[in-house]
Amino acid sequence: MRSARWGRMAGTLSGLVVTLFGLVLVTFLIGRVMPIDPVIAIVGDHAPDDVVARVRGELGLDRPLYVQFAIYLGLLLQGDLGRSVMTSNTVVEDIARYFPATIELASVAIVIATVLGVPLGVLAAVRQGSRLDQAIRVLCLAGHSIPIFLLALLSLLVFYATLGWVPGTGRADVGYEGMDPVVTGFLLIDTLLAGDMDPFKDAAWHLVQPAGVLAYFSMAYIARMTRAFMLDALAGEYVITARAKGLSAVRVIWRHAFGNIAVRLVTVLALTYAGLLEGAVVTETVFSWPGLGQYLTVSLLNADMNAVLGATLVVGLIYMALNLLADVAYRLMDPRVS
Amino acid sequence: MLVEIRNLTIAFPTAQGMSAAVRSVSLDLGAEKLGIVGESGSGKSLTARALLRLLPPAARVSADVLRFDGIDILSASERDMRRVRGKRAGLIMQDPKYSLNPIMTAGAQIAEAWANQRHASRREAAEAAIDLLAQVQIRDPRRVAGMYPHEISGGMGQRVMIAMMLAPDPELLIADEPTSALDATVQAEILRLMEDLVSRRGMGLILISHDLPLVSHFCDRVVVMYAGRVVEELQAGALAQASHPYTRGLLECLPTLSHPKARLPVMARDPAWLS
């Protein structure tokens, strides 16, 4: 049993390595075949030919593609993603600066979305066909079908511009910006570490709106999936057994039916979270949220290839990590996948 | 009387209006073994489930009398129903592969049934579950208690189901085709076990099946249902005196070793049976 388990884990890990290599190869190739000349992005349109040639040589772009890939892979293994042309920092530094903003936003959003979406989905399934079910369906349909940029803009218009309940864009008010030392990069944690309540509240208030918009969007999906899974589970014969045992409705629904869909739900949650981490590009743009999505977009527009490759790689890694996590959860929670 | 049913009708809404699946069925049951026989769709399972109010929400149930030990099932509150279901009547379904919860161990599922409506510790419940597993003649109850439904055979799963439903010491056991998913040899074992437990505890049993000879062998009385109606009620030993053509047809379709027939007759259905 034990050795079989280790064998499976080794299999999973080697699968990860292959996937990772594929990811690096594909992102690298896309970066190289794009009709963008990174040299011109650095030296400008009007640079003399010898300068262009020299920079091209310095970047190693005159060498064959496989040599370039080998060099890139070698540096990558040392944790070197190259230097960003735009910010002139290393890409690793840049990602370390931008990514926490995205993680903070995505994490708050997924928590809200889960806490609301799962019970709503369960409720809709238990009361299938009722007015409540209809209401939840309409709520979710709206969240799922309204483009997120429109939702974000509407939210800004209503809650910021008209009602003034929440602050506008950005992560913090200008007055608070850079006040507390950056420790983790997560504003909520850093301000708390500094023991400053005002900047903490400010950061929290700034988070409410973009996180709320993202959460609504994700909640719609989570609730719909939960409802579908629950309907499936509630039709199971073991639910009749549980009822025949005289268990309370709460226990029948949550222990027996929900217990059976929890595994599948974890996969949905993990992928939704990965989608949010990938940088809700549009939401970050509308709310001027200095996260990975914005970094990626700006880098792409400036032909900053090292930055684009690095950020894409990180996104891919996130997906793989969360997939792995869902896989592990699956094994822990479902006795049939021992 | 443990169970009294008068003029029970169960209907479902369809695109063509209400469609009755059970039509004015009347039954009585004491501490005895009653068999209900009929083909698929004859309404035997619905009748039994109506007694525990475990029908799908769309079902429309009406009856002059539908009582379990004097409790009016139609007007009982959900709380009263839970007291009937958990404590006084159990239900065993066809295939343990589907009727056991796949993510809970056999022991946990039995312990849950035992502890429900009792004030007992987790440990007591776990011990009771093992004891119950031993009562359904499982040889290594401690090991089986820790197993998940996918790890045990169909016969063993059905024993687990029986143990679970007997946990609260009910007065009535409804077994809805409890052996149809099992091998022939295991079928006999399970039925004997069930009969033994039921007799020893002085319980009532409703055994639902489509196997007429099998039911008459294990039960005191047999009710034959066809198209939502009771067409015949017989003492188990008096099958030969069956008068309804449907029952007679069923009996004639049976192959026997002592009088082999070259070709078994095909039942000729009379539309008049429906009215």
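Scanning segment B:78-109 for residues that are among the hydrophobic types (A, V, I, L, M, F, W, C), within 20 Å of B:V186 (Cβ to Cβ) and free of Cβ contacts under 8 Å to residues at least 60 places away in the same chain turns up just one, B:A106. Inside segment A:241-278, residues that are out of contact with any Ser or Thr (no Cβ under 7 Å at 6 or more places or on another chain) and within 14 Å of chain B (Cβ to nearest Cβ) make up a count of 24.
Kindly indicate the residue of segment A:275-296 that is crowded, with 24+ Cβ neighbours inside 10 Å and assigned to a loop (DSSP other than H, G, I, E, B) and also nearest to the chain's Cα centre (by Cα) among those meeting that condition.
A:G279
Inspection of segment B:169-180 identifies at least one residue that is out of contact with any strand residue (DSSP E or B) (no Cβ under 7 Å at 6 or more places or on another chain), in contact (Cβ under 8 Å) with a residue 40 or more places away in the chain and surrounded by 12 or more Cβ atoms within 10 Å (Cβ to Cβ).
Listed here are the residues, each with its yes/no results for (1) modelled with pLDDT of 80 or more; (2) on the phi > 0 side of the Ramachandran plot; (3) surrounded by 11 or more Cβ atoms within 10 Å (Cβ to Cβ).
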position	(1), (2), (3)
A:S3	no, no, no
A:L20	yes, no, yes
A:G31	no, no, yes
A:I42	no, no, yes
A:Q68	yes, no, yes
A:G79	yes, yes, no
A:R83	yes, no, yes
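Listed by first and then second residue, the pairs with beta-carbon distance under 9 Å, at least 6 apart or on different chains, first residue in segment B:241-256 and over 15 Å from B:D211 (Cβ atoms), second among the polar types (S, T, N, Q) and modelled with pLDDT of 85 or more, are B:Q241/B:Q235.
May I ask you to say which residue of B:Q94, B:Q137, B:Q117 is in a loop (DSSP other than H, G, I, E, B), at positive phi and within 11 Å of chain A (Cβ to nearest Cβ)?
B:Q117
Determine whether B:S26 is closer than 18 Å to B:V222 by Cα and among the polar types (S, T, N, Q). The answer is yes for B:S26.
Matching residues to (1) within 26 Å of the chain's Cα centre (by Cα); (2) at pLDDT below 90:
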position	(1), (2)
A:Y216	yes, no
A:R227	yes, no
A:R243	no, no
A:A249	no, no
A:Y273	yes, no
A:V298	yes, yes
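Of note, A:G185 satisfies the criterion of being under 18 Å from the mean Cα position of the chain (by Cα), surrounded by fewer than 16 Cβ atoms within 10 Å (Cβ to Cβ) and not acidic (D, E).
Considering only residues of segment B:212-226 that are at pLDDT below 90 and crowded, with 18+ Cβ neighbours inside 10 Å, which is farthest from B:L173 (Cα to Cα)? The selected residue is B:L212. Taking the stated definitions as given, is B:A106 surrounded by fewer than 24 Cβ atoms within 10 Å (Cβ to Cβ), more than 8 Å from chain A (Cβ to nearest Cβ) and at negative phi? Here the answer is no, as B:A106 does not meet what is asked.
Does A:V281 count as within 14 Å of chain B (Cβ to nearest Cβ) and closer than 30 Å to A:G310 by Cβ?
no
From the list A:A142, A:A135, which one is in a helix (DSSP H, G or I), of a type outside the set (D, E) and free of Cβ contacts under 8 Å to residues at least 24 places away in the same chain? Step by step, each of A:A142, A:A135 is checked, and only A:A135 is in a helix (DSSP H, G or I), of a type outside the set (D, E) and free of Cβ contacts under 8 Å to residues at least 24 places away in the same chain.
Candidates are the residues of segment A:302-338 that are of a type in the set (D, E) and more than 14 Å from chain B (Cβ to nearest Cβ); the one that is nearest to A:W6 (Cα to Cα) is A:D327.
A single member of A:Y176, A:Y98 is more than 24 Å from A:I261 (Cα to Cα) and more than 22 Å from the chain's Cα centre (by Cα), and it is A:Y176.
The values are calculated or read from the model by the stated rules, or taken from the named source; none is laboratory data. Since this is a predicted model, take the numbers as computed values, not measurements. Positions of Cβ are backbone-derived with ideal geometry, glycine not excepted, and every protein chain shown enters the neighbour counts.
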